[in-house]
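Report on the following structure.
The values are calculated or read from the model by the stated rules, or taken from the named source; none is laboratory data. In this text, all values refer to a predicted model and were calculated from it rather than measured experimentally. All Cβ positions, glycine included, derive from the backbone under ideal geometry; neighbour counts span all protein chains shown. These accessible areas exclude ligands, DNA and RNA; they are computed on the full protein's heavy atoms, side chains included. Shrake-Rupley method; radii C 1.70, N 1.55, O 1.52, S 1.80 Å.
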4 protein chains.
Amino acid sequence: MASNSFGSFFRFTTWGESHGPAVGVVIDGCPARLPLTETHIQPFLDKRRPGQSSLTTQRQEADQVRILSGTFDGLTTGAPISLIIENTDQRSKDYSEIKDKFRPGHADYTYQAKYGIRDYRGGGRSSARETACRVAAGAVARQVLGDSVGIRGALVQVGAHIVDRAEWNWDEVNNNALFSPNAKAAVFWANYLEEVCKAGSSVGAVVEVHASGIPAGWGDPMYEKLDSEIARAMMSINAAKGVEIGSGFASAGLTGEMNGDEMRSGPDGKPVFLSNHAGGILGGISTGQDVVVRFALKPTSSILTPRRTIDVQGQDTEVFTKGRHDPCVGIRAVPVGEAMLACVLADAMLRQKAMG
Amino acid sequence: MASNSFGSFFRFTTWGESHGPAVGVVIDGCPARLPLTETHIQPFLDKRRPGQSSLTTQRQEADQVRILSGTFDGLTTGAPISLIIENTDQRSKDYSEIKDKFRPGHADYTYQAKYGIRDYRGGGRSSARETACRVAAGAVARQVLGDSVGIRGALVQVGAHIVDRAEWNWDEVNNNALFSPNAKAAVFWANYLEEVCKAGSSVGAVVEVHASGIPAGWGDPMYEKLDSEIARAMMSINAAKGVEIGSGFASAGLTGEMNGDEMRSGPDGKPVFLSNHAGGILGGISTGQDVVVRFALKPTSSILTPRRTIDVQGQDTEVFTKGRHDPCVGIRAVPVGEAMLACVLADAMLRQKAMG
Amino acid sequence: MASNSFGSFFRFTTWGESHGPAVGVVIDGCPARLPLTETHIQPFLDKRRPGQSSLTTQRQEADQVRILSGTFDGLTTGAPISLIIENTDQRSKDYSEIKDKFRPGHADYTYQAKYGIRDYRGGGRSSARETACRVAAGAVARQVLGDSVGIRGALVQVGAHIVDRAEWNWDEVNNNALFSPNAKAAVFWANYLEEVCKAGSSVGAVVEVHASGIPAGWGDPMYEKLDSEIARAMMSINAAKGVEIGSGFASAGLTGEMNGDEMRSGPDGKPVFLSNHAGGILGGISTGQDVVVRFALKPTSSILTPRRTIDVQGQDTEVFTKGRHDPCVGIRAVPVGEAMLACVLADAMLRQKAMG
Amino acid sequence: MASNSFGSFFRFTTWGESHGPAVGVVIDGCPARLPLTETHIQPFLDKRRPGQSSLTTQRQEADQVRILSGTFDGLTTGAPISLIIENTDQRSKDYSEIKDKFRPGHADYTYQAKYGIRDYRGGGRSSARETACRVAAGAVARQVLGDSVGIRGALVQVGAHIVDRAEWNWDEVNNNALFSPNAKAAVFWANYLEEVCKAGSSVGAVVEVHASGIPAGWGDPMYEKLDSEIARAMMSINAAKGVEIGSGFASAGLTGEMNGDEMRSGPDGKPVFLSNHAGGILGGISTGQDVVVRFALKPTSSILTPRRTIDVQGQDTEVFTKGRHDPCVGIRAVPVGEAMLACVLADAMLRQKAMG
């Protein structure tokens, strides 16, 4: 069912396994005559790239993207854009531990149950390596959206430790390896994650992404609401277990008076909203305010502690994960979340052009 | 973009406005030879129907469903199933208050921004009346899923008041008008909502839905993950602002040891899981455990308190909602959430049949 | 698989059986603020309506269309447009002859093979009655396309008798019951069909449809080429067995010099083409010339002559069709072909707006 | 709108330009555990490969396919299958003649009109080179269909010269470079095409493809009829201008008695049909007979004769095509047509599995 594709107008399809020769993405529906070279994409891949700090997996990947089609003289042509990223660090590993056993909390078991076969090397298709393709697609989506739209994300919770929003500083996000919008939280989390790492354990995280410059009117009721598409996008990210827009789950506890964002006449005829509980979306359509989304990521299941499980023959056994691993996969989910939001919005923008 | 349709294999399309002659749904992709008459659908509509207690809108609708196509001798034929529900209580109302003003927190403004026109009578297309069609489609989806799959929902939070899970009782859910799984919470919430109603205010809610009997292997990585489709489905429900699967946002605060559900060999060769933080889904594919989803609903924006807003000319003004209204739209979202989950699962079941 | 829907942006879904209470169509993706009332649709239905001459089926249907949703004050709102046409002439008939037997050349057998059940009354879902819904959708598509686009069809072959193109007159098409562009052919065909009718036989036909006013640039390579979508549309019409664009099959016999339409600079900067072998489409994209399509319809299988067949138990038997029938179903396919072309073009127009 | 993808369940997406580094295809929705290595694909590419006789373009391409993802230990895994074919013969050419001029009958003009930019080198995206990807996808589709389904094509018309069906011999097809099912026609056509080639001209062709072993019941009414999908598929092939099923356009001239294929009880309970005017499809659903499709290809527009045209500035000029070219692009369309039919049928097979 084309389950490796995302989007309807601006649509991308990813392929590739963790330990195959490469991963890649084909982007269809990108308008013509947009500037696009590798230099528009590589910086976003560099941001997601592992091995940059002690707090992410030590896999070393150059993550060099190459454009194989869809551009001419540095401009898009309207033809599908094929991007490829070679896998350079598929070290020969001993897979005997996970080849026949299912890691609790991992897709090992469900892939086996669904397909009766799985590429166990590095997680195969279910590896977070696939998210490099999302980031590449997101970079192209940003070209579609243009400069008036800004998309940026931050880590707002690591394990149980929530960032202090009173000291939120977007400029800080790129100053630390954890995409923290608060310098103190960055230090605290780094220390915390080192402990987690030493213990061979892992923790989850919450990521928040904002999009500014979205005009009112994007998104389509009823079943392709802007928030519905965002929820789908974020929940498709590896390890995601929850998504919320604006005040999200907290809005359940609010009254109508508190929750409904009041409006005043603005200088350019557009309304000024006095709050943004809606997270920029009402009735599935953008309001013109910032779109605000948060998503929760569970802790990775690849941990050093032995855990009870079964093997492919259905027999009781134990499993643990050897070697390099991420103490908090949520960190690298920040650029991935940005990319997915960019793709949803590029799609919505094109759709609105058709209907407007 | 077919935004009024949902599903790929089992696919439904809804139509109709709050104050038009009728609302309806066309279901395409329903397998042939399933028993289907109005009696399979009506009970679910009756459950969603307004006017049943003082805690939901006093609109009186018979909500009688009629099958216009797709069955023969009480069996589905594989042809599209057209269901119609007439609107019988479109009382003539004074719309002068909302005709030209945007209710804060309502889709009034965004529909106007997107389309340049809106049917303001009773909310038009953005009315919760549309959810009757979802419930009807969900009833058909249950026929597709068959008796081995059970889907049931409950209200787990009203305003800030969360249900005590220690005394959860599924049998209780149908004993009270609030779909509470806890008799004491039902009484507490009812009293609380009467106060909210008297104050002309509104509050949000959280709904939880479980599906049992789902075999391992349903759902499609990468962008049509089972949880991704569920997130999309639930976020498409009017007033929804957040969705989570299994431990959801709480899983961010867990360690890998706590979160990964351990497995033991079960009596029939299938694994027994020792917990269900995953909510029945790993890597986007069902595990065989119960699928567990929660979604948050914001308080309705139709309240008696005057609020600051602008009118269609962009001028500052105030607005309030006269007449009948729901103090907590979350209550009626319980059968709607069940229906949406049933539709997602029926679709996943058919897809898996093709691939298995 | 949503096989009862057509189009991606401008998308319609039909439902209903020949002898059910009604047939209908839901149109999703129609832009807002277009004038739309029943008066925009009814004339096209009247053109397709049976019982208007002795040469089409004597079924008497009022074919009155009713708009159930999607408009407000005579304008479209962007919400799905639900149209319903009641079946008023489902006379009680004796179905014993076809209930258990398969008419050679009819979908009786394949529906039974696919679904294991079929609504045999009047052909059920496979009845040409479904085409009323296409015509209604086509009328809405014309509103989307606007006045600058003209779509008109004609019958160009009845049985083996091909129209003389030298005397083609579009004005003549509406002067005769056969949609003939040539008055003499209209008389000849009418006499011929009366003989066919008396003999209890049937013949096929070829329909030609032109669209003018289509700018260059509509249509999407590679698999959603404008001609590809048109081919799909026309081949989906009951009894269609072939489709061709421009010179079509005849172009196989041409040389490159004969076939390639030369261009000269035109008065408004657009090219003037010196011929139109391409039928207005090159590389799947419109050239700005008239789009020209022809499709062939087989003779109806409902004839009075007994034919060898099997019954639902697989036993040899004979079958013939009693009562009213169309000697040439191709006649009524003219407005249906126009409607399908209108829908394809409305979809292409909206898509191009998004990408242009 | 994902216009570079084809299929819904078995879905492929192609990318690449004639003179880019490579062309490729990503296949999504291929069931797991099917044998698949390059050896299953390469023979079909070799059949389509240019430069094999003096009658096809002299471009020399190795057309070596490489599988980049989706298999493990020689079996498909259910993950997307990425295939890449490098372009090895993009000789440096002088494009001054076509860079700024539109070849009559070519997509040059329409791509420019649609996108405002085009990769003119070798036709860019509109080059027949893209069909290598279709052939590769078709080879995978054959693995899905399995050995019980046979798909084979032949050339049945070159220019105005139609094959004599009385001496049809499928075994002959692979004995000549023209895929002729008749040895005498092969010789005649070869001589004829040499003359065409010497004259710097080109001619069209008609291709016929048969699929055997298709059970009754595949295909989905109403708008995704099996013949509708086939028509779409064939019309998407470069240069295609017409498609017909079974007796096709000739059925317009038949009577109901002649056209309806009579049935007799067969040895295994399935009917034996006494003819196949239907081409194996009734009501959009397969009958169990061979599926028979023909499609017409226009002559290539790349000819040596100077022709009147305009340039990108809209000025009158002349154009002709230098260098290697195909006198009859229809020849290489035979394996392409086979591939497209295989893909349509693989999709239909999976869909029927879901619904059966």
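Residues in region A:16-52 that are open to solvent by less than 10 Å² (accessible area, probe 1.4 Å) and hydrophobic (A, V, I, L, M, F, W, C): A:22, A:23, A:25, A:26, A:27, A:30, A:36, A:41, A:45.
Tallying residues that are open to solvent by less than 10 Å² (accessible area, probe 1.4 Å), touching a Ser or Thr at 6+ places or on another chain (Cβ under 8 Å) and assigned to a loop (DSSP other than H, G, I, E, B) within region C:1-10 yields 2.
Residue by residue through region C:198-224, note down the ones that are within 14 Å of another protein chain (Cβ to nearest Cβ) and either surrounded by fewer than 18 Cβ atoms within 10 Å (Cβ to Cβ) or of a type in the set (Gly, Ala, Ser) (or both).
C:198, C:199, C:200, C:201, C:202, C:204, C:205, C:215, C:216, C:217, C:219
Quick one: would you say residue D:193 is farther than 26 Å from residue D:288 by Cβ, over 20 Å from the mean Cα position of the chain (by Cα) and surrounded by 23 or more Cβ atoms within 10 Å (Cβ to Cβ)? In short, yes. Close contacts from region D:261-274, counting a first residue that is under 11 Å from residue C:317 (Cβ atoms) and among the small types (Gly, Ala, Ser) and a second that is in a strand (DSSP E or B) and open to solvent by less than 30 Å² (accessible area, probe 1.4 Å), with Cβ to Cβ under 6 Å and a gap of 6+ residues or different chains, come to D:265/C:310. Can you confirm whether residue B:143 is open to solvent by 10 Å² or more (accessible area, probe 1.4 Å), in contact (Cβ under 8 Å) with a residue 40 or more places away in the chain, within 14 Å of chain A (Cβ to nearest Cβ) and not in a loop (DSSP other than H, G, I, E, B)? Criteria not met by residue B:143.
Might you let me know whether region B:211-225 holds any residue that is touching an Asp or Glu at 6+ places or on another chain (Cβ under 7 Å) and either under 14 Å from residue A:105 (Cβ atoms) or not in a loop (DSSP other than H, G, I, E, B) (or both)? Yes: region B:211-225 contains one or more residues that are touching an Asp or Glu at 6+ places or on another chain (Cβ under 7 Å) and either under 14 Å from residue A:105 (Cβ atoms) or not in a loop (DSSP other than H, G, I, E, B) (or both).
Residues are listed down the side, and each one gets a yes or a no for (1) over 30 Å from residue B:273 (Cα atoms); (2) within 14 Å of chain B (Cβ to nearest Cβ); (3) surrounded by fewer than 24 Cβ atoms within 10 Å (Cβ to Cβ):
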residue	(1), (2), (3)
A:64	yes, no, yes
A:67	yes, no, yes
A:70	yes, no, no
A:74	yes, no, yes
A:80	yes, no, no
A:83	yes, no, no
A:87	yes, no, yes
A:98	no, yes, yes
A:109	no, yes, no
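Evaluate the following for residue A:316: is it open to solvent by 10 Å² or more (accessible area, probe 1.4 Å), farther than 26 Å from residue A:134 by Cα, free of Cβ contacts under 8 Å to residues at least 24 places away in the same chain and of a type in the set (D, E, K, R)? Yes.
Output the residues belonging to region B:225-252 that are of a type in the set (A, V, I, L, M) and open to solvent by less than 20 Å² (accessible area, probe 1.4 Å).
Initial filter on region B:225-252 (of a type in the set (A, V, I, L, M)): B:226, B:230-231, B:233-235, B:237, B:239-240, B:243, B:245, B:250, B:252.
Once the filter is applied, which keeps residues that are of a type in the set (A, V, I, L, M) and open to solvent by less than 20 Å² (accessible area, probe 1.4 Å), region B:225-252 yields B:226, B:230, B:231, B:233, B:234, B:235, B:237, B:240, B:243, B:245, B:252.
Kindly indicate whether any position in region A:190-204 is closer than 28 Å to residue B:123 by Cα and in a strand (DSSP E or B). Taking every residue of region A:190-204 in turn, none turns out to be closer than 28 Å to residue B:123 by Cα and in a strand (DSSP E or B). Looking at region D:231-254 only, could you name the residues that are part of a strand (DSSP E or B) and more than 7 Å from chain C (Cβ to nearest Cβ)? Scanning region D:231-254 gives a single hit, D:240. Is it the case that residue C:291 is closer than 24 Å to residue C:330 by Cβ, surrounded by 24 or more Cβ atoms within 10 Å (Cβ to Cβ) and either more than 14 Å from the chain's Cα centre (by Cα) or charged (D, E, K, R) (or both)? So residue C:291 passes the test. Could you tell me whether any residue of region C:288-306 is touching a Ser or Thr at 6+ places or on another chain (Cβ under 7 Å), within 30 Å of residue D:263 (Cα to Cα), more than 9 Å from chain D (Cβ to nearest Cβ) and among the basic types (Lys, Arg)? Scanning region C:288-306, I find no residue that is touching a Ser or Thr at 6+ places or on another chain (Cβ under 7 Å), within 30 Å of residue D:263 (Cα to Cα), more than 9 Å from chain D (Cβ to nearest Cβ) and among the basic types (Lys, Arg), so the answer is no. Residues in region A:6-26 that are closer than 21 Å to residue A:352 by Cβ and of a type in the set (Ser, Thr, Tyr): 1 in all.
It is to be established whether one or more residues within region C:255-278 are crowded, with 24+ Cβ neighbours inside 10 Å, within 7 Å of another protein chain (Cβ to nearest Cβ) and part of a helix (DSSP H, G or I). Among the residues of region C:255-278, at least one is crowded, with 24+ Cβ neighbours inside 10 Å, within 7 Å of another protein chain (Cβ to nearest Cβ) and part of a helix (DSSP H, G or I), which makes the answer yes.
What strands (runs of 3 or more DSSP E) lie completely within region C:11-128 and have 1 or more residues being within 17 Å of residue B:68 (Cα to Cα), modelled with pLDDT of 95 or more and among the acidic types (Asp, Glu)?
Once the strands (runs of 3 or more DSSP E) in region C:11-128 are filtered for at least 1 residues that are within 17 Å of residue B:68 (Cα to Cα), modelled with pLDDT of 95 or more and among the acidic types (Asp, Glu), what remains is C:81-86.
Checking A:233, A:252 one by one, the residue that is in contact with a helix residue (DSSP H, G or I) (Cβ under 6 Å, 6 or more places away or on another chain) and modelled with pLDDT of 95 or more is A:233 and no other.
Residue by residue through region C:176-185, note down the ones that are more than 20 Å from the chain's Cα centre (by Cα) and surrounded by fewer than 21 Cβ atoms within 10 Å (Cβ to Cβ). Explain how you work it out, then say what you get.
Residues of region C:176-185 that are more than 20 Å from the chain's Cα centre (by Cα), as a first pass: C:182-185.
Within region C:176-185, C:183, C:184 meet the criteria.
Does any residue in region A:1-26 that is more than 7 Å from every other protein chain (Cβ to nearest Cβ) come within less than 6 Å, Cβ to Cβ, of a residue that is assigned to a loop (DSSP other than H, G, I, E, B) and at pLDDT 95 or above six or more places away or on a different chain, and which pairs are these? Pairs found: A:10/A:29.
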